[in-house]
Amino acid sequence: MIALVCAVYGYYKARKAEPKKQEQMMKADLEWSNTVYFAGFVASFVMFFFIQAFKIPSASMRYTLVEGDHLFVNKAAYGFRIPFTNIRFGEFEEIKPGDIIVFRFPAKDRKQQNCGGSQYGKDFVKRVIAMPGDTVQVINGRPWVNGKELPQQPYEVYENVERTPYFEEEDQAQYQKIWQEHQLDNYLGLYLRDSFGPVTVPEGTYFAMGDNRDNSCDSRFWGPVPRENIKGKAWFVHWPLNRIRWIK
């Protein structure tokens with residue numbers, strides 16, 4: 001908008017100037033336009049392939065990331081994506097447990113209801129807990145992977161609340177199916193916070209949870225994160241100034 005206003009102002013000012021002065025002004029404006037165009041092109045290229053800006057909207061990742069944090073997402077970390085396809089190449093690193101990822105919510109249409117409403121088209125940020133092929137359970141609010149409780153990490157936040165006792169569903173095949181279809185929270189709701197699974201993470205997908213474990217609507221509720229939905233790795237908090245840091 002600022003560039004457009006300046007361009008209009010320069011145009012009308014040049015029209016009123018003398019021919020010689022007008023030529024000088026047009027030459028200066030052309031150089032300025034080239035600079036703006038090149039800067040815009042470079043910025044667009046970087047934003048499309050390398051970096052995405054993201055703002056934390058909720059408390060699900062406290063205190064690793066808090067509401068209002070502005071961060072950059074490294075879109076190249078897990079490989080460059082060819083525009084309008086799900087094909088990637090040039091991976092710098094593989095996705096692994098503990099990574100904080102930003103991804104497009106796995107909803108096929110706007111009618112799909114999760115976390116109290118439609119999340120279609122929204123970007124989420126969570127931490128990878130389990131990989132393709134892993135078996136995941138949540139018992140008394142704590143995640144278990146492949147039959148072993150994960151060691152509690154400093155970034156995990158739990159509240160002192162009464163826990164729902166763990167209960168394993170008899171029809172595990174149906175449970176797995178509903179979970180993979182991203183509909184489990186519509187059947188069991190908040191119960192899934194403390195008691196979940198077991199499920200097997202399908203190939204090409206990941207199980208993700210928020211660090212604020214008791215206040216996070218995550219893979220326990222709406223299912224696995226497809227690889228093609230992952231936009232990149234949370235990289236760097238750049239605002240507010242007192243929270244500038246690399247993300248771990």
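The values are calculated or read from the model by the stated rules, or taken from the named source; none is laboratory data. Every value quoted in this text rests on a predicted model; they were computed, and no experiment measured them. All Cβ positions, even for glycine, are placed from backbone atoms using ideal geometry, and neighbour counts span all protein chains on display. Heavy atoms of the whole protein, side chains included, go into the accessibility calculation; ligands, DNA and RNA do not. Shrake-Rupley method; radii C 1.70, N 1.55, O 1.52, S 1.80 Å.
In segment 81-149, the portion of solvent-accessible area held by carbon and sulfur atoms comes to 52 percent [1.4 Å probe, whole percent, DNA, RNA and ligands not counted].
In nm, what is the difference between 0.36 nm times the number of residues separating F50 and A173 and their Cα-Cα distance?
Values: separation 123, 0.36 × 123 = 44.28 nm, distance 4.00 nm.
Value of the extension gain: 40.3 nm.
Here the translational diffusion coefficient of segment 64-139 follows from Stokes-Einstein with Rh set to the Kirkwood radius across Cα pairs; for 4 °C and 1.567 mPa s it amounts to 87 µm²/s.
Full extension of the segment from E203 to N160, taken as 0.36 nm per residue of separation minus the current Cα-Cα distance, would add 12.0 nm. For I247, the residues whose modelled amide H falls within less than 5 Å of its own, excluding neighbours fewer than 5 places apart on the same chain, are F236, V237.
Each of D134 and E93 was given a label point 7 Å from its Cα along the Cα-to-Cβ line. The distance between the two points is 1.6 nm.
With a 10 Å radius around each residue's Cβ, average the other Cβ atoms per peptide and rank 65-78, 198-211, highest first.
Details: 65-78: 18.9, 198-211: 20.4.
The peptides rank, most packed first, as 198-211, 65-78.
Using the Karplus relation 6.51 cos²θ - 1.76 cosθ + 1.60 with θ = phi - 60°, the per-residue 3J(HN,Hα) values for segment 199-214 come to 10, 10, 5, x, 4, x, 9, 9, 9, 10, 9, x, 5, 7, 4, 8 Hz, with x marking Gly and Pro. Using the Cβ-Cβ distance between K148 and Y187 with R0 set to 41 Å, the FRET efficiency works out to roughly 0.90.
Positive end of the dipole of segment 74-224 (Cβ unit charges, origin at the Cα centre): among I101, P202, G189, the Cα lying farthest that way belongs to I101. Using Cα positions and a limit of under 17 Å, work out the aspartates and glutamates in reach of K75, with same-chain residues fewer than 8 apart set aside. Result set, ordered by chain and number: E91, E93, E94, D99, D123, E228. Neighbours of I87 by Cβ distance under 10 Å: Lys/Arg scored +1, Asp/Glu scored -1, total +1.
Just to be sure I understand: if I project the alpha-carbon convex hull of segment 98-158 onto a plane and average over all orientations, what area do I get in nm²? Let's see the in-between values first.
Numbers: hull surface 21.7 nm².
Mean shadow area of the hull around the Cα atoms is 5.4 nm².
Mind checking the per residue accessible area of segment 116-195 for me, 1.4 Å probe, whole number of Å²?
With all protein chains present, segment 116-195 gives 56 Å² per residue.
Within 15 Å, Cβ to Cβ, of P198, how many net charges do the neighbouring residues add up to if Lys/Arg are +1 and Asp/Glu are -1? Value of the local net charge: -3. Using only alpha carbons, segment 184-223 has a radius of gyration to Kirkwood radius ratio (Rg to Rh) of 0.95.
Stokes-Einstein D for segment 59-215 at 20 °C, 1.002 mPa s, Kirkwood Rh over Cα pairs, in µm²/s? Walk me through the intermediate numbers first.
Details: Rh = 17.0 Å.
The Stokes-Einstein estimate is 126 µm²/s.
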